[in-house]
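Before any comments, here is the structure.
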Amino acid sequence: MPTTDPAVMPSVAAESAVVPRSAVPAAPPDDPCGSIPPSQGGIEPQQVAAGGPPGLLDRRTVLRGSAIAAAGLGAPWLLAGSASDHRPARPAQMAALSAPPPDAAVVTALDLRLSGAGAIRGVLRELHDRLHRLGPRAETVTALGAALFDRAGLGGQRPRQLTAMPEFVGDVLDPARCHGDLLLSIGADSADAAAAATRAVLDGLTGVTPKWTMTGARAENGTQHGRGVARNAFGFVEGHGNPDGGSVDDVVTVRADQDEPAWAVGGSYQVVRIIQFATTLWDEDPIPLQERIIGRRRDGRWLDGTDAGGEPGYAADPAGDVTPLESHVRLANPRRPGGARPQLLRRGYGFRGAAPTGEPETAGRPEEGLLFISYQRDLDAGFAGVQRRLAGEQLARYTLTVGGGYYFVPAAGPDWWGAKLFA
Ligand code: HEM
């Protein structure tokens, strides 16, 4: 049964990887994960080579900068998810997003081995049919990467904002864990069930090659104040700042007036970020300091005492004495009068990966962190705008983004979800 008791504290995850800075690979010179100008929050290539802006060195010293041994299919991901109850039927594609996330998910990026609209349509149709056969026990979301449109000769149909995910300040992206022509997310009541469903779908599917995969779980997965919440590996409850169930659709669903290709209306931009956590470094800091870095208490209450489901009194705290101006939540959503709220739905999973072998500093210490996943109808009003505001935040000392991508989730219609694009 998913828990709804915010007072239950987790055992905060144990150890994170420790490596010398020399073990952290610099971003490749040709910047395979894309780049955005520094004026928009991007990072100069030389900043990456030199270690990035001040303040980023610490966590890079304690975090592995790439997948190292953890990436790759078949890695024995092991996660501590909460026990689950009998979940209701899980709708697929967009309809799934207003429901609380399942306890666990396997996310797999796939590259297509063929080109041309007809051939790709055939693969996607087969994928759709296999997902359909899973039935209601799995929640499935299939999203398309930017490169798929060129490969299919459908460049003119690419959603306007769909590019390769750019590199943001502080990222050390591993090309092997970025992008993919397709991103398949299969959620279920346990990591084992999600993995079994993923195998059932992908085994024998021709025309695709798995590129990277992550297994995630939502510890203490539950619902509070109409929002799905779960505890992350830093011991903090996440999800309170999301739109509530009734306003999810407005935030995530592409509208007809957005100047997007007609087939994309009703779909959603999906952002995935593989974010490693330096839990050892984090755990060394006292909880009150951690709470000032986040800007909420571990159970979600605001620092001014407001209940987790309420609105904080930032107006009475203009200098940030109670909730620091540079805290994660205040940077993410400053709540200035007249300012727009961030337009995104966060639906992430914690991960705990295989322990690397061969390197004395990291051997036996599993990679762990947050598989950040967000949905939005506009990337700038959603993820990208928030991520730019978060540049250089104190929390970045303890985290490192090593992979992920931008994708687009086609809406499910009366026909299969690729029908309009390949009409
Ligand atoms: C780096 C790892 C991250 C951690 C540990 C983290 C943790 C948290 C926590 C504990 C909260 C407060 C509870 C909540 O409102 O859900 C929160 C809020 C939030 N986070 Fe993050 N987060 C991370 C990354 C991100 C990223 C990458 C984004 C988007 C670019 C983001 C956007 C937000 C937003 C929009 C809020 C709600 C702010 C509000 O409305 O008050 N977070 N995060």
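Examine region 258-280 for a residue that is in a loop (DSSP other than H, G, I, E, B), touching a helix residue (DSSP H, G or I) at 6+ places or on another chain (Cβ under 9 Å), of a type in the set (Ser, Thr, Tyr) and under 20 Å from PHE372 (Cα atoms), and state whether such a residue exists.
Looking through region 258-280, none of the residues is in a loop (DSSP other than H, G, I, E, B), touching a helix residue (DSSP H, G or I) at 6+ places or on another chain (Cβ under 9 Å), of a type in the set (Ser, Thr, Tyr) and under 20 Å from PHE372 (Cα atoms).
I'm trying to understand the selection: among the residues of region 369-420, which are more than 19 Å from ASP249 (Cα to Cα) and part of a loop (DSSP other than H, G, I, E, B)?
Passing the criteria: LEU390, ALA391, GLY392, GLU393, ASP415, TRP416, GLY418, ALA419, LYS420.
Somewhere in region 231-252, is a residue within 30 Å of LEU154 (Cβ to Cβ) and within 13 Å of the ligand (Cβ to nearest atom)?
Yes, because at least one residue in region 231-252 is within 30 Å of LEU154 (Cβ to Cβ) and within 13 Å of the ligand (Cβ to nearest atom).
Please determine, by comparing only the residues of region 342-367 that are at pLDDT 95 or above and out of contact with any Asp or Glu (no Cβ under 8 Å at 6 or more places or on another chain), which one is farthest from ASP250 (Cα to Cα).
Ranking the candidates gives TYR349 first.
Which numbered condition in (1) on the phi < 0 side of the Ramachandran plot; (2) of a type in the set (Gly, Ala, Ser); (3) more than 13 Å from the ligand (Cβ to nearest atom); (4) without any contact (Cβ under 8 Å) to a residue 24 or more places away in the chain is the only one that GLY320 fails?
(1)
Name, by its number, the condition in (1) over 24 Å from ALA105 (Cβ atoms); (2) aliphatic (A, V, I, L, M); (3) touching a strand residue (DSSP E or B) at 6+ places or on another chain (Cβ under 9 Å) that does not hold for VAL271.
For VAL271, the exception is condition (1).
Checking the conditions here, which among THR215, THR223, THR206 is away from the ligand (no atom under 12 Å from the Cβ), touching a residue at least 12 places away in the same chain (Cβ under 8 Å) and in contact with a strand residue (DSSP E or B) (Cβ under 6 Å, 6 or more places away or on another chain)?
When all the criteria are applied, what remains is THR215.
Given the conditions (1) within 15 Å of THR108 (Cβ to Cβ); (2) over 16 Å from the mean Cα position of the chain (by Cα), which single one is not true for TRP212?
If we test TRP212 against (1) within 15 Å of THR108 (Cβ to Cβ); (2) over 16 Å from the mean Cα position of the chain (by Cα), just (2) comes out false.
Go through ARG297, ARG377, ARG292 for me and flag whichever is more than 8 Å from the ligand (Cβ to nearest atom), farther than 25 Å from ALA104 by Cβ and surrounded by 22 or more Cβ atoms within 10 Å (Cβ to Cβ).
ARG377 is the lone residue from the list that is more than 8 Å from the ligand (Cβ to nearest atom), farther than 25 Å from ALA104 by Cβ and surrounded by 22 or more Cβ atoms within 10 Å (Cβ to Cβ).
Could we say that TYR398 is crowded, with 19+ Cβ neighbours inside 10 Å and under 22 Å from GLN343 (Cβ atoms) here?
Considered against the rule, which asks whether it is crowded, with 19+ Cβ neighbours inside 10 Å and under 22 Å from GLN343 (Cβ atoms), TYR398 comes out as no.
Would you be able to tell me the number of residues in region 109-119 that are outside any loop (DSSP other than H, G, I, E, B) and either surrounded by fewer than 22 Cβ atoms within 10 Å (Cβ to Cβ) or without any contact (Cβ under 8 Å) to a residue 40 or more places away in the chain (or both)?
Result for region 109-119: 5.
Applying the selection to region 253-272, what residues are within 16 Å of the ligand (Cβ to nearest atom) and either aliphatic (A, V, I, L, M) or surrounded by fewer than 24 Cβ atoms within 10 Å (Cβ to Cβ) (or both)?
Result: VAL271, VAL272.
Yes/no per residue for (1) crowded, with 24+ Cβ neighbours inside 10 Å; (2) among the aliphatic types (A, V, I, L, M):
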| site | (1), (2) |
| --- | --- |
| GLN157 | no, no |
| LEU162 | no, yes |
| PRO166 | no, no |
| VAL169 | no, yes |
| PRO175 | no, no |
| LEU182 | no, yes |
| ILE186 | yes, yes |
| SER190 | no, no |
| ALA195 | no, yes |
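Before we move on, is PRO100 over 15 Å from ARG347 (Cβ atoms), at pLDDT below 95 and not small (Gly, Ala, Ser)?
For PRO100, the condition - over 15 Å from ARG347 (Cβ atoms), at pLDDT below 95 and not small (Gly, Ala, Ser) - is not met.
Please verify whether ALA315 is exposed (fewer than 14 other Cβ atoms within 10 Å of the Cβ), touching a residue at least 12 places away in the same chain (Cβ under 8 Å) and out of contact with any Asp or Glu (no Cβ under 7 Å at 6 or more places or on another chain), treating the condition exactly as stated.
Against the criterion (exposed (fewer than 14 other Cβ atoms within 10 Å of the Cβ), touching a residue at least 12 places away in the same chain (Cβ under 8 Å) and out of contact with any Asp or Glu (no Cβ under 7 Å at 6 or more places or on another chain)), ALA315 qualifies.
The values are calculated or read from the model by the stated rules, or taken from the named source; none is laboratory data. This is a predicted model, so every value here is computed, not measured. For neighbour counting, all protein chains shown are included, and Cβ atoms are generated from backbone atoms with ideal geometry for every residue, glycine included.
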